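Here the structure is laid out as structure tokens; the discussion comes afterwards.
The values are calculated or read from the model by the stated rules, or taken from the named source; none is laboratory data. It should be emphasised that the depicted structure is a prediction, and the values quoted were computed from it without experimental measurement. Methodologically, a virtual Cβ is constructed for each residue, glycine included, from the backbone with ideal geometry; neighbour enumeration extends over all protein chains shown. SASA here: full protein model, heavy atoms, side chains in, ligands and nucleic acids out. Shrake-Rupley method; radii C 1.70, N 1.55, O 1.52, S 1.80 Å.
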Amino acid sequence: MTKHVYTDAEVHALVEQENVRFLRLMFTDLFGSMKSVDLPISQLDKLLANRVMFDGSSIDGFVRIEESDMYLHPEMSTWMISPWGAEHGKVAQVICSVYKTDGEPFMGDPRNNLKRVLKQMEEAGFTAFNIGPEPEFFLFETDEKGEPTLQVNDQENYFDLSPADRGEDCRRDIVLALEKLGFDVEAAHHEVAPGQHEVDFKYSDALEAADNIQIFKLVVKNIAKQYGFHATFMPKPLSGINGSGMHMNMSLFNQDGNTFYDENDALQLSQTAYHFLAGVMDHARSVTAISNPIVNSYKRLVPGYEAPVYVAWSAHNRSPMVRVPSERGMGTRLELRSVDPAANPYLAIATILAAGLDGLKRELTPAPSVDENIYHMTEEERIKREIKTLPDTLHNALKSLATDEVIKEALGDHLYKNFMEAKTVEYDSYRQAVSRWEQNRYMSNY
């Protein structure tokens, strides 16, 4: 599972062999947006020496202008040659972590924060938190100016096989580009909604998985643009159809292997798995603020469109928040189905891991599994079964986050403070906006 870390000599050889002319240094801001600094290849040695500086005050959620100087340290296991944009010479890209001028990691960098939480995991006796993401996205047609329209590229359905169209060709080219970058793509298919697609790639350790999600989004958007499409990871771009999720398959490993597996249990789940699951469920409402971080996220988390609404788990149906897929042995895992692709993957994975570790620390026991369709239950039945609901608005998710010390600690003071401030402003702006729905509903009646 360990990715190759390129040495300085190997990088110089690849640059010469591939005729690389430019460097793209990538990092992620508070909200999960990929940022970059582009350099000519003449600055390669400066990059390898960790001496590339940038202005952190220009990045959302980073620092004030009086403390703006920061350094980008490349993660050489993420070094890759870009499969597009070579008309002026090839571009090599690498994901970086952000450091302060005193040489310390900047804890406003979501990637550094995930590393911090992973160290807590190691101190608890585990060697890896493996994540297998399932990000979904939509392809929309663009207008003559290249701006996105609300017209999806097809009217197909889940796993549909039809005469090849531009959408299918686009998805295939996305897969080919990912494979050139070293991804192990396991499946690619049309999703339930018109214009909706999914590409699944092999699980990896948490940090690599978060990096891969960011690269995946970049690839999807670039290839889609080449086909005249606009690719969006917005959770619910259209009313009346399924939204896009990013299911997270997860498992904890130690030196002996997958700690979630126990062949002697009725479901072949270990006590570690049950405690971890209970922690995820106990902190579910506050984690939702991070895993579903925009106003639009909560238009997806509604009944009727396969997205989870209830804090429950099952090994036999897909309506609860957490599903236990059937594979056992080394493949034993939990699937958290509430996460959407608008989430900052570094923050989402860090908070999910912290929630599970808290369940282990407190030896929590999950509520009994719910193997019936929760959507068919009455409210009284759900109350009797102690089935809670996920937050129905960003505002309510933020309220839950504000009272959860475990998840706040998983973010750290800097990220938590800036996230809460920004998202409170976002929700207030949304609350003050008058929508077309309100105008159509009320203009004539009142």
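Mind ordering 227-240, 428-441 by average Cβ neighbours within 10 Å, highest first?
Details: 227-240: 18.6, 428-441: 9.7.
Final packing ranking: 227-240, 428-441.
Would you mind getting the accessible area per residue of region 2-131, heavy atoms of the protein chains only, 1.4 Å probe, in Å²?
48 Å²
If you take the charge dipole of region 181-258 about its Cα centre, with +1 on Lys and Arg Cβ and -1 on Asp and Glu Cβ, which of Ile223, Gly257, Gly240 is farthest toward its positive end?
Result: Gly240, furthest along the dipole toward the positive end.
Past the 20 Å Cα-Cα mark, which pairs from Lys180/Lys202; Lys225/Lys299; Lys100/Lys221; Lys35/Lys221; Lys35/Lys217; Lys361/Lys417?
Listed pairs above 20 Å: Lys225/Lys299; Lys100/Lys221; Lys361/Lys417.
Using only the alpha-carbon atoms of the chain as identical scatterers, what base-10 log of I(q)/I(0) does the Debye formula give at q = 0.06, 0.11, 0.13 Å⁻¹?
-0.26, -0.92, -1.29
Fully extended, how many nm does the chain gain between Arg362 and His12 (0.36 nm per residue separation, minus their Cα-Cα distance)?
Length difference between fully extended and current span is 121.0 nm.
So, with a 1.4 angstrom probe, what is the percent of accessible area on region 289-425 that is carbon and sulfur?
Working: 3000 of 5790 Å².
After summing per-atom areas, the C and S share lands at 52 percent.
Pulled fully out, how much extra length does the chain show between Ser36 and Val302, if you take 0.36 nm times their separation in residues and subtract their Cα-Cα distance?
Using 0.36 nm per residue and subtracting the Cα-Cα distance, I get 92.2 nm.
Give me the 1.4 Å probe accessible area per residue for region 208-298, excluding ligands and nucleic acids, in Å².
Accessible surface, normalised per residue, equals 31 Å².
Just going by the charge dipole of the chain, with Lys and Arg at +1 and Asp and Glu at -1 on Cβ, which of Ala13, Met80, Leu207 is farthest out on the positive end?
Working it through, the farthest residue towards the positive pole turns out to be Leu207.
Out of the total accessible area of region 176-264 (probe 1.4 Å, heavy atoms of protein only), what percent is carbon and sulfur?
Within region 176-264, the accessible surface is 45 percent carbon and sulfur.
Might you tell me the accessible area per residue for region 360-428, computed with a 1.4 Å probe and given in Å²?
Per-residue accessible area for region 360-428 comes out at 62 Å².
Rounded to the nearest 20 debye, what is the charge dipole size of the chain about its Cα centre when +1 sits on each Lys and Arg Cβ and -1 on each Asp and Glu Cβ?
Dipole of the chain, to the nearest 20 debye: 720 debye.
Give the aspartates and glutamates whose C-alpha is closer than 17 Å to that of Lys384, dropping any in the same chain fewer than 8 places away, or say none.
Those aspartates and glutamates meeting the cut-off are Asp371, Glu372.
Quickly work out the Ser435-to-Met330 label distance, labels modelled 7 Å from Cα along the C-beta direction, and quote it in nm with one decimal.
Each label point lies 7 Å from its Cα, and together they span 4.7 nm.
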